[in-house]
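The values are calculated or read from the model by the stated rules, or taken from the named source; none is laboratory data. Note that the coordinates shown come from a computational prediction; the quantities given were computed from them, not determined experimentally. Cβ placement follows ideal geometry from the backbone for every residue including glycine, while neighbour counts extend to all protein chains displayed. Surface areas here come from the heavy atoms of the whole protein model, side chains and all, with no ligands, DNA or RNA. Shrake-Rupley method; radii C 1.70, N 1.55, O 1.52, S 1.80 Å.
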Amino acid sequence: MIWLLAFIIGVFVLFSLTKPAFKSYLLSFLVVITVVFTSRLAIYVLASGNTLRVQSGSLDLLMDSLSSVFILMINFTVLSQLIFSFGYLKGYAENKTSLKTTLHYFNIFLVHISMLLVVCMRNATGFLICWELLSLSTFVLVLFDGENEKIRRSAINYFFQMHLGLFLILTGFFMSGSTTSVGFDALHIYFSMHKAWPVYLLFFIGFGLKAGFLGLHTWLPDAHPSAPSHISALMSGIIIKMGIYGILRVTMSLPDQSLYIGIAVLLFSSLTGLYGVMQAIVQHDIKRLLAFHSIENIGIIGMGIGVGIMGRSLDYDPLSYLGFGGAILHTVNHSLFKSLLFYGAGVVVKATHTHNIEKMGGLIRKMPRTAILFLVASLAICGLPPFNGFVSEFLIYSGLFRSLQDQSMLITVSSLLAIISLALIGGFAIFCFTKVFGIVFLGSPRSENAAEAGGKNVMMEIGQALPALLIVVIGLIPAWFVRPVNICVQKSFSLGDSGIPSLDLMQNITTGSLIFVLAIALLTGLRYLLLRKRQVKTGPTWGCGYDALTVRHQYTATSYAQEYQKLYGPMLGFQPHRYKIPGVEIFPGARSFVSHTPEKLAKVFSGFFIRTVCMARKMAVLQTGHVRHYALYLLLYLMLLLLLTFFNVL
Amino acid sequence: MCFEMSVLIIIMTAILFPGIIGRTRSILSGRKGPGLFQPWKNIWVLLNKSEVISRTGSLISQLAPAVILASVIVASTLMPVPGLSPLWSFHGDFLLFAYLLAMGRFFIIINAFDAGSSFQGMGAAREALYGLLIEPAFFLLIASVALLTGGFSFEEFYQSLAWSKSLPLISFSAAFIIFCIALVENSRIPVDDPRTHLELTMIHEVMVLDVSGPNFAYIQIASYLKFAIWGTFISFFAIPAGIGTGMKLVLFFSLQTAFAVIIGIIESIKARFRMERNTHFIITVSAVTMVIFIIILFS
């Protein structure tokens, strides 16, 4: 541990000493070395099925197949984020002080190292130290634009909630630890002797605060928009997955008879997924919208975990393979398409200088490559073939349809509710992403900034192309990726070899996707051949015979969401701000209309905390500042202890 | 019989379908009406025309119709015709089916956004909402049939539909539900009027206002194919698995003709619902599917 601290301080000094122009190169150098070193080990572990263990003093590192999958995911996301940030921070970082840029680059490296260590740590002390390091460095990263008060507030909100999670995880470790070992090894022994659900609940809430489950998510929609886009991509792509990693580790130690825990996780995650996507549809800040979608996908991953737990308790291995495999694969897929979406949002926000999608439009003509890559990511997040989102949702659905057949009414009804939720989530996601893609990139520009946007930035495009490439590959040939995931699930949850159902199903998905792409190519080719000799004319969009259309006549995002919002109004808290029209008005004057949809649940939580703080302030009367009063308090306390001992209460 | 017959039969159904609907409508209005193959003659004319592209449009409007038609074609290969061996079938093929149709819906919506007009945005919003609300109905139905038969693919559903006391009730309800789903997905009366010329009242038609020539032909073909697919799905519940193949095919074709005639009759006698009532209608369909599930659960 001392060496780790010395190493960190040394790296910080190194960063502060380099010239600002070279800081990013130093970061790239360090990151690439780490990536190469750890990926080699991870691939070795996955390929050979062995695990690597390092135990020295207070350090207890174990790299098993679950850690390896996560290490590969972490490395890929950090690399693509780094390449993207080369282009993104141009013109952005020059306005910041040298200390800020030092802290920024240094903390990206720190986040990377702490994540790699978190997935390998076995004992509680090491794990918690690295977890804390992760939270602190993310906090500093979010504060890159800390001059803004709102951003400072969201960062502090994030800080508090992460520490609440830390406290819960700490409590969980202490409750489950024995005198000899406190950590994940001790958890196994604890669960076999005591009831599992209290400690599991503690861990679930603690890790869930990091992941962003329902009720534990209130920091997410504020923190992601506040951070610069490459940091939002990092947070949404991989940092919240550390919460999922924690939940998976604790689930690995669960005893087999945990049916009710599995069903509870399944139903809670369905609610999370539904809530996330339903709130996302009515947002008009592009990054806030994407943050809510992260909540939705965490819900989907949770559903996979729930199915897996159910499979273990029913002793039905195919269900566990499908559930846990779907969850892990969706974790990988989500890190890919969410980071790509945030990169696209970053490019768009940088070009139009606004977060509001109502002020964008027609950007496909100015930045076609970004638009196409954003489209690929949108299709992937909606779970549409031939991309990777479909594969992981397919696995989770397959698991749910298998558990539907069970004899027990409880399992059948829960599976049905989960299937309906997943279907609804898919539909809502399509609603939302058609809105985002359509309003941001298609149509005509809705403001001057959008009309002037443009410019080529090779680094940003390469950074975007990397996840897109993997999205397409996983979607077209899922068998390559499902195989290591299956190995990982088999080793982690000690399942048998029988009944690995996923691989030949994946062959069929490959065939289907390839036929689909072939059909598109043939039809496009046919159209090209038909139109080659003919003259294709352009004309204005049909406006019902009305010629004087302006760009304001287009559909807006709020109008598009209006159809949906009429149905789900009470849940969303839509607030229009209308300006009154005076009674007598001969010629109509200019009018404006603004609407907001603040999150009702966040108000509930913040209201609770504000009331607690008010009550705490009332107690502050006791802090008078005079030492003699404090001496009196001590005396009173000792007398109370004496009385209680006297009456045999203590 | 070889499996290519499955696809050919669906294509044959798709060719006859729109003609039968149009002819039924005309006869009920007292006219002689266009020929049975008139819709396909129209498609031939469209394929021979050139296109007029909107200036606000981009690559999306040029490529979206091909994606829509491709998704419907691949979805149609997944649906087996009762009595013939399917082209391909695997556990979970209904998922690929549902999500391919959703892919088509995504592209038709962004095609509408690409034109940048308020009408198309309106139609896109309505289409997105109705599509979103009808998905759970489809999945509920599949879940009910899966529970009833214990199968995981369309072919297994069909082969395992065994006789039981509640089977006629379940089959009739399932057929009715699929009929309603088909009405919503294909934008027919009472959900949408395909022949309205008032842009404010359109849903599907308004999204393709700026599509012309071969692209428009693609969208029309996709719509006709979708009819055939949903008709095939209905026939699962009406054709028992035990009878001979020839008998099954005869039943199949007569069922499809009846399906088309019924749609024609409904289009002639009913008007389109008020827009608000559409959402009620679709949610009611989902609720009825839930009732079917409960019947199956307790039988």
(request) Could you tell me, in Å, what Rg and Dmax come out for the Cα atoms of segment B:3-49? (result) 13.1, 42
(request) With no solvent and one equal point scatterer placed on each C-alpha of chain A, evaluate the Debye formula and give log10 I(q)/I(0) for q = 0.08, 0.10 Å⁻¹, two decimals. (result) -0.64, -0.97
(message) How big is the dipole moment of segment A:194-317 about its Cα centre under a simple scheme where the beta carbon of each Lys and Arg is +1, that of each Asp and Glu is -1, and everything else is neutral? Debye, nearest 20, please.
(response) 220
(request) Once you have the Kirkwood Rh of segment A:389-467 from its Cα pairs, apply Stokes-Einstein at 4 °C and 1.567 mPa s and quote D in µm²/s. (result) 79
(request) Counting only heavy atoms of the protein chains, get the accessible area per residue of the protein assembly as shown (1.4 Å probe) and round it to a whole Å² value. (result) 40
(request) Between the chain alone and the structure with every protein chain in place, find the residues of segment B:198-222 that drop at least 20 Å² of accessible area; heavy atoms, 1.4 Å probe. (result) B:Glu199, B:Leu209, B:Asp210, B:Pro214, B:Tyr218
(request) List the extent of the Cα atoms of chain B along each of their three principal axes, largest first, rounded to whole Å. (result) 58, 41, 37
(request) Provide B:Phe253, A:Phe139, A:Phe608 ordered by accessible surface of protein heavy atoms (probe 1.4 Å), highest first. (result) A:Phe608, B:Phe253, A:Phe139
(message) Using the Cα centre of chain A as origin and beta-carbon charges of +1 (Lys, Arg) and -1 (Asp, Glu), tell me which of A:Leu395, A:Leu384, A:Leu373 is placed farthest towards the positive end of the dipole.
(response) A:Leu373
(request) Ignoring ligands, DNA and RNA and using a 1.4 Å probe, state the total buried accessible area between A and B in Å², rounded to the nearest 100. (result) 6600
(message) Could you work out the pair-distance distribution P(r) of segment A:236-339 from its alpha-carbon pairs, with 10 angstrom bin width and percents rounded to whole numbers?
(response) 17, 45, 28, 9, 1
(request) With the Cα gyration tensor of segment A:440-568 in hand, convert its eigenvalues to equivalent ellipsoid semi-axes via √(5λ) and list them largest first in whole Å. (result) 43, 24, 19
(request) Would you mind getting the Kirkwood hydrodynamic radius of segment A:63-113 from its Cα pairs, rounded to one decimal in Å? (result) 12.4
(message) At 0.36 nm per residue, and after removing the present C-alpha to C-alpha distance, how many nm does the segment from B:Ile262 to B:Phe298 gain when stretched out fully?
(response) 9.7 nm
(message) If I compute solvent accessible area with a 1.4 Å probe over the protein chains, what percent of it on segment A:458-610 is carbon and sulfur?
(response) 68
(message) From the alpha carbon gyration tensor of segment A:291-382, can you work out the equivalent ellipsoid semi-axes (sqrt of 5 times each eigenvalue) and give them in Å, largest to smallest?
(response) 37, 12, 8
(request) Please report, in cubic angstrom per residue, the volume enclosed by the convex hull of the alpha-carbon atoms of segment A:133-244. (result) 95
(message) With the alpha-carbon atoms as the only input, what is the per residue convex hull volume for segment B:21-90 in Å³?
(response) 183
(request) Could you point to the residue in B:Thr24, B:Pro82, B:Gly104 farthest towards the positive end of segment B:1-113's charge dipole, with +1 and -1 charges on the Cβ of Lys/Arg and Asp/Glu respectively? (result) B:Thr24
(request) Grab the beta carbon distance between B:Phe172 and B:Lys32, set R0 = 41 Å, and tell me the FRET efficiency rounded to 0.05. (result) 0.75
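Report the convex hull volume per residue for segment A:1-69, counting only C-alpha atoms, in Å³. Could you put the intermediate results ahead of the total?
Numbers: hull volume 5.8 nm³, N = 69.
Cα-based convex hull of segment A:1-69, divided per residue, equals 84 Å³.
Can you give the extra length, in nm with one decimal, that the chain gains between A:Gln407 and A:Phe646 once fully stretched, where that is 0.36 nm per residue apart less the Cα-Cα distance?
80.1 nm
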(request) Calculate the spin-label point distance for B:Met12 paired with A:Tyr637, positioning each point 7 Å from the Cα along the beta-carbon direction, and give it in nanometres. (result) 9.1
(message) If you take every residue apart from B:Ile109 with its C-beta less than 13 Å away from the C-beta of B:Ile109, what net charge results, scoring Lys and Arg +1 and Asp and Glu -1?
(response) 0
(request) May I ask you to evaluate 6.51 cos²θ - 1.76 cosθ + 1.60, the Karplus curve with θ = phi - 60°, for each residue of segment B:216-229 and list the ³J(HN,Hα) values in order in whole Hz, giving x for glycine and proline? (result) 5, 4, 4, 5, 5, 4, 4, 5, 5, 4, 4, 4, 4, 5
(request) Enumerate the residues in segment B:160-179 having an amide nitrogen under 15 Å from the point lying 7 Å beyond the Cα of B:Met247 toward its Cβ. (result) B:163
(request) Based on a Kirkwood Rh over C-alpha pairs, give the Stokes-Einstein translational diffusion coefficient of segment B:77-174 at 37 °C and viscosity 0.692 mPa s in µm²/s. (result) 211
(request) Please work out the FRET efficiency for the pair A:Thr125 and A:Ser178, using the Cβ-Cβ distance as r and a Förster radius of 22 Å; give the result to the nearest 0.05. (result) 0.90
(message) I'd like the FRET efficiency for A:Cys614 and A:Phe593, computed as 1/(1 + (r/R0)^6) with the beta carbon distance as r and R0 of 30 Å, rounded to 0.05.
(response) 0.25
(request) Obtain the radius of gyration and the Kirkwood radius of segment A:240-279 from its C-alpha atoms and give Rg over Rh. (result) 1.06
(message) If the only charges are +1 at each Lys and Arg Cβ and -1 at each Asp and Glu Cβ, what is the size of the charge dipole of segment B:180-272 around the Cα centre, to the nearest 20 debye?
(response) 380
(message) Please report the carbon-and-sulfur percent of the accessible area for segment A:145-245; probe 1.4 Å, protein heavy atoms only, DNA, RNA and ligands left out.
(response) 69
(request) Mind grabbing the base-10 log of I(q)/I(0) for segment B:1-123 at q = 0.10, 0.11, 0.20 Å⁻¹? Debye formula, identical points on the C-alpha positions, no solvent, two decimal places. (result) -0.48, -0.58, -1.16
(request) Return P(r) of segment A:194-248 (all Cα-Cα pairs; 10 Å bins starting at 0; whole %; ordered from short to long distances). (result) 25, 46, 21, 6, 1
(request) Starting from one equal scatterer on each C-alpha and no solvent at all, send me the Debye-based log10 I(q)/I(0) for segment B:169-263 at q = 0.11, 0.15, 0.17, 0.18 Å⁻¹, two decimals. (result) -0.41, -0.68, -0.82, -0.88
(request) Using label points projected 7 Å from each Cα along Cα→Cβ, tell me how many nm separate B:Met275 and A:Val54, to one decimal. (result) 6.3
(request) Heavy atoms only, probe 1.4 Å: what % of the accessible area of segment B:218-299 goes to carbon and sulfur, would you let me know? (result) 71
(message) If you build the convex hull over the alpha carbons only and average its shadow over all orientations, what do you get for segment A:1-136? Give it in nm² to one decimal.
(response) 8.2
(message) Can you give me the orientation-averaged projected area of the convex hull built on the Cα atoms of segment B:165-221, in nm²?
(response) 4.8
(message) Could you compute how fast segment B:235-299 diffuses translationally, taking Rh as the Kirkwood radius over C-alpha pairs and applying Stokes-Einstein at 20 °C with viscosity 1.002 mPa s? Give it in µm² per second.
(response) 143
(message) Can you compute the modelled spin-label distance between A:Ala479 and A:Phe605, with each label point 7 Å from Cα toward Cβ, in nm?
(response) 4.4
